[in-house]
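Okay, so here's the structure we're looking at.
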Amino acid sequence: MGFEKFLFYVFAAITVFAAGMVVTRRNSVHAVLYLVLAFVSSAALWLLIEAEFLGIVLVLVYVGAVMVLFLFVVMMLDVEIAALQAQFIKHLPVGLVIAGLMLFNLFLVLGPSNFGLDVIAKPAGQPAGYSNTSVLGQELYTIYVYQFEIAAVILLVAIVAAIRLTLRRRPDTKYIDPAEQVKVKKGPDRVRLVSMSAEQTPRPPLAAAPTSGDKEMAQ
Amino acid sequence: MNFQAIDLFTLLPELVVLITACTVLIADLYLPKEERDNNQLITFAGLAAALAAVGVVGLSFGSEPTLAFGGAFIRDPMSDLLKGAVLVVTLLAFAYSARYMREREMWVGEFHVLVLFALLGIMVMISANGFLTMYLGLELLALCLYALVAFNRDSGAGAEAAMKYFVLGALGSGMLLYGVSMIYGATGAIGFEAVAAAVAADGMDNKILVFGLVFVLIGIAFKFGAVPFHMWIPDVYQGAPAPVALFLSSAPKVAAFAMAARILVDALPALSADWSEILIILSVLSMGIGNVVAIAQSNIKRMLGYSTISHVGFIFLGLLAGSSEGYAAAMFYAVAYALMAAGAFGVLVMISHQGFEAENLDDLKGLGERDPWLAAMMTMVMFSMAGVPPLVGFMAKLLVLQAIIDIGLVWLALVAVAFSIVGAFYYLRVVKMIYFDKPEIDAPVDGTRDARIAVSINGLSMLVLGMFPAALLSLCQAAFVA
């Protein structure tokens, strides 16, 4: 018990520290990296409460895929950080006072008097061969099938919304339609000779080309 | 859990809406451009079918609550009535917005799809019988609304409004989830009956429970837009395209009512002494700030935003009464408000036209000369919002006030009446502008048949429901028979 408790406090402290750094870092790439740290340490917290599957998925999906993608996006964005920082500092005193009051309140309610092990007993651990992955799968597709389907609809909405908000048809892009390419025939499609007169492009004015100035004057 | 086919029948209205949305999504992809108007036909047919499905399911199960999917889904008289109401409001919203959105090249498949999915989210919330289902429905609704607010991609105001809505909405959801996690920690359950049983056994001694309740209430107040969690409402209404503001101000308020009723009345009735005290504060603040600040607005969308806030205060009055009459009155108010808001924004949508947004109060000047019928309908809606008899707004206010006088809170009733008199000023100012001011603009008013039918139904429903409230009221009372 003692060592588990120690591990919990270590990872909890790392999570809180990393979360604090996420919102205070000037450099947004650093902020994203701290967010990764926060995710990893919360995955460790999940392992401690025997939610192994969730912990692993958090590392694999969020840290491994989502955050890496996010890092790319953040690197490409040019965010005006100084302006954001100024607002942050301006409201800091008020925020600190409110946060302090909230923390005090939270401590009164969530402190040891209401949340100690003597108030809420520690749940019994699972036996050795227990796999919470298979249990999760079974529960998800039987008891929680309705909620699971709604979650699927939410993902569909996210796709539709993202496409609607970002996809624009741009007429100026050099876009080649493969269907048109495949349909090309040997005859008039590939090569077509057109006779046309030489094009007369208006020359730039005198100052632009001093060496050939005289000729242009004559024209 | 043993899954039964009858569960799917109970779910029929939701399934119809889901299938309609997916059909529009696919049809929009394959229909040639000139036949895209069929989207509208599919949507109308789907909504009508869903309305019929609500009726069929409601009649076949009667007044007994029906559970499905292992208790995650509940169908009862309250869910039937509220689903019917949101379906009607959504039908009206589609009828109003067609011309406006077409002129701005926003009458595309995605608009139908997102509104239908938002409707699905509302229906899931109305029928939720546990915190998990409620939260998923809420997120489904909210995601669609964020995208809809930013639907006009070229509008900076729209993007700003969507951003504000998204950040504050996510914060509200976070508060709600935190509260739910506390309640789950204290009771060990997320189903509403199980939570209610555990809370009844534990009573109010459990501090964690009360702590969780506070956060859940903050979440509910965020979604309703009650003071002091109201800051997003005026900005979002102003920035969103008018038809989106129409939808946003009407149907989701019914969903918010359902959420409050399910969580507070179904799951946490044992804590009613705690939550009714909090609701009194929220309600007085909402009525006060909503009505007073609305007077200073020159933008009519912002004015209607603040008026929403004040109406939310009235809905809370009914809920905090804690009696079945009070709940029924609040439900009547929520349905009536959804119709009133749809009417008010509907008229704004109709008098906007290509390159011109009806946003300012001045744009309504002289509407009586430009279009007498539309002016009459707008007047009806405004009188109803102000609470003038014999319109439905009066009945709604009367029922709510009666409920709180019955529990002895006469001072609260007096405060409510005083603030609604303050509110009458800005509603009547609109009527004065419509009839007694010279028109400043001479633009055509929407002449499409669908919108005309919608506004006539909407305006006349104020009168009909106000003079014959018995039918709707008995349905509301049937929902809360103890």
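In whole percent, what relative contact order does chain A give with Cα contacts below 8 Å and a gap of six or more residues?
Working: 80 pairs, mean separation 25.3, N = 219.
Contact order relative to length: 12 percent.
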Would you be so kind as to identify all helices of chain A, as entire DSSP H runs, whose Cα atoms reach 15 Å or more along the helix's own axis and whose mean Kyte-Doolittle hydropathy is at least 0.0? A:2-24, A:28-48, A:92-110, A:145-166
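Please report the net charge: other residues with Cβ closer than 11 Å to the Cβ of B:Gln238, K and R +1, D and E -1. Intermediate values should be presented prior to the final figure.
Details: positive: B:Lys164, B:Lys301, B:Arg302; negative: B:Glu160, B:Asp235, B:Glu357, B:Glu359.
With Lys, Arg at +1 and Asp, Glu at -1, the neighbours total -1.
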What aspartates and glutamates does A:Lys90 reach when the alpha-carbon gap must be under 17 Å and sequence neighbours fewer than 8 apart in one chain are set aside? A:Glu80
Hey, with R₀ at 60 Å, roughly what FRET efficiency would A:Val29 and B:Asn38 work out to, going by the Cβ-Cβ distance, to 0.05? 0.80
Please give the average number of partner chain Cβ atoms lying within 10 Å of the Cβ of each residue in B:206-213, rounded to a whole number. 3
Fraction of alpha-carbon pairs over 22 Å apart in the range B:30-179 - percent: 50 percent
Mean-square fluctuation maximum in Gaussian network of chain A, Cα pairs under 10 Å, restricted to A:Lys185, A:Lys174, A:Lys90, hits A:Lys185
Could you tell me which of B:Ala413, B:Val24, B:Gly322 has its Cα farthest along the dipole of chain B towards the positive end, charges placed at Cβ (Lys, Arg +1; Asp, Glu -1), taken about the Cα centre? B:Ala413
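In a shell of Cβ-Cβ distance under 13 Å around A:Ile150, excluding A:Ile150 itself, what net charge do Lys and Arg (+1) and Asp and Glu (-1) give? Show your work: numbers first, answer last.
Working: positive: none; negative: A:Glu149, B:Glu14, B:Glu139.
Counting the neighbours of A:Ile150, the net charge comes to -3.
Provide B:Glu369, A:Glu199, A:Glu180 in ascending order of the number of other Cβ atoms located within 10 Å of each residue's Cβ, fewest first.
Details: B:Glu369 14, A:Glu199 5, A:Glu180 9.
Going from sparsest to densest Cβ surroundings: A:Glu199, A:Glu180, B:Glu369.
Over all directions, average the projected area of the Cα convex hull of the range B:144-244 and note it in nm². Before the final figure, lay out the partial values.
Details: hull surface 28.6 nm².
Convex hull of Cα atoms, orientation-averaged projection: 7.2 nm².
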Which whole-number percent gives the relative contact order of chain B, counting Cα pairs below 8 Å spaced six or more residues apart? 15 percent
Using every pair of alpha-carbon atoms in chain B, split the distances into 20 Å bins beginning at 0 and state the percent of pairs per bin, rounded to integers. 25, 60, 15, 0
For the range B:1-67, convex hull volume per residue from C-alpha positions, Å³: 82 Å³
Would you work out which of B:Val113, B:Tyr337, B:Val88 lies farthest towards the positive end of the dipole of the range B:5-478, given +1 charges on the beta-carbon of Lys and Arg and -1 on that of Asp and Glu, about the Cα centre? B:Tyr337
Stretch in chain B that is longest and holds no trypsin sites (Lys or Arg not before Pro) that DSSP places in a loop and that have at most 16 other beta carbons within 10 Å: B:154-482
What list do you get for B:His311, A:His91, B:His230, B:His353 if you sort them by fewest beta carbons within 10 Å? A:His91, B:His353, B:His230, B:His311
For B:Lys432, go through the aspartates and glutamates and keep the ones whose alpha-carbon is under 16 Å away, minus same-chain ones fewer than eight residues off. B:Asp362, B:Asp363, B:Glu369, B:Asp371, B:Glu440
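Can you work out the FRET efficiency for the pair A:Ala51 and B:Val464, with r the C-beta to C-beta distance and R0 = 41 Å, to the nearest 0.05? Could you put the intermediate results ahead of the total?
Details: r = 56 Å, r/R0 = 1.36.
Efficiency for this residue pair is about 0.15.
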Between the range B:1-67 and the range B:283-314, how many Å separate their Cα centres? 35 Å
Listing B:Trp411, B:Trp107 by rising number of other beta-carbon atoms within 10 angstrom, fewest first, gives B:Trp411, B:Trp107
Proximal lysines relative to A:Lys185, as straight alpha-carbon distance under 26 Å, when same-chain residues fewer than 8 apart are discounted: A:Lys174
Of the residues A:Val157, A:Val145, A:Val182, which exhibits the maximal mean-square fluctuation in a Gaussian network model of chain A defined by a 10 Å Cα contact cut-off? A:Val182
Measuring from the lowest to the highest alpha carbon on each principal axis, how far does the protein assembly as shown reach, largest first, in angstroms? 103, 74, 58
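If each residue of separation counts as 0.36 nm, what is the full-extension length gain between A:Val135 and A:Val119 once their alpha-carbon separation is subtracted?
Values: separation 16, 0.36 × 16 = 5.76 nm, distance 2.84 nm.
Stretched out fully, the A:Val135 to A:Val119 stretch lengthens by 2.9 nm.
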Less than 15 Å Cβ to Cβ from B:Leu143, Lys/Arg counted +1 and Asp/Glu -1: what total charge do the surrounding residues give? 0
Cα centroid distance between the range B:143-192 and the range B:344-398, in Å? 30 Å
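Every number in this text was worked out from the coordinates using simple rules, so none of it is lab data. Just so you know, these numbers come straight off a predicted model, no measurement behind them. Neighbour counts are summed over all protein chains in view; Cβ atoms, including those assigned to glycine, are modelled from backbone coordinates with ideal geometry.
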